[in-house]
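What follows is a set of notes on a single structure, which appears directly below.
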Amino acid sequence: MTRAPLTFVRCPSEGLLFGVQLATDILLDPLAALAAHSVTKLFINDSPSVTPEATGRLLAALTSLKDVTFIGSGVISETVLSALHGCSQLDTVQLKDTRPLTDIPALTQSEVAAVSRMAVTCRKLYRLFLTTSLESYSAVLTALHETDLGRDGGQSRTIELYVPSK
């Protein structure tokens, strides 16, 4: 089967971009060796065979990431969200569940808490794209509002939370 080539909207200004499509856990585990390089963007698309645990191990190794994009069914999990807060250089996180919005379950309280922890520990985070249920957006927005995100240069930190229109 031939697929269209991947295109990247947000290419890194420095470092290495690593993108995979139709990946598996067996492929992701050795990628931790890329930690020796300056991988600043990670893109995983349409990889239903990848488990949250394998994704978490990869994120734990690639701590210099600035931009993370995961696209596919069920990409938002507590394991992945918890691993992301170890990537202190993150400025952009996009977790896009490809199921219809009506079929995406609401985030659990622990997943919402993991988003808040990520926002606190990733001091450079300013763009957060989540494709999830409307109830989850409300819970995440409330949690971020109630969380002390700290200050940058005397100004309150701002995180842009992107909500899909459909």
**Prompt:** Of the residues LEU81, LEU141, which single one is more than 26 Å from ALA23 (Cβ to Cβ) and either within 14 Å of the chain's Cα centre (by Cα) or not in a strand (DSSP E or B) (or both)?
**Reply:** LEU141
**Message:** Taking the condition of being acidic (Asp, Glu) and under 22 Å from LEU62 (Cβ atoms), how many residues in region 98-127 meet it?
**Reply:** 1
**Prompt:** Inside region 56-72, can you point out the residues that are within 16 Å of ASP46 (Cα to Cα) and out of contact with any helix residue (DSSP H, G or I) (no Cβ under 9 Å at 6 or more places or on another chain)?
**Reply:** THR69, ILE71, GLY72
**Given (1) assigned to a strand (DSSP E or B); (2) under 19 Å from LYS41 (Cβ atoms), index of the condition ARG123 fails** = (1)
**Residue count, region 70-86 (criterion: polar (S, T, N, Q) and either buried (at least 23 other Cβ atoms within 10 Å of the Cβ) or within 9 Å of VAL115 (Cα to Cα) (or both))** = 1
**Request:** Filter region 39-61 down to residues that are touching a strand residue (DSSP E or B) at 6+ places or on another chain (Cβ under 6 Å) and modelled with pLDDT under 90 and give me whichever is surrounded by the most Cβ atoms within 10 Å (Cβ to Cβ).
**Result:** VAL39
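The values are calculated or read from the model by the stated rules, or taken from the named source; none is laboratory data. The structure displayed is predicted, hence computed values, not measured ones. Here the Cβ is made from the backbone with ideal geometry for all residues, glycine too, and neighbour counts use every protein chain on show.
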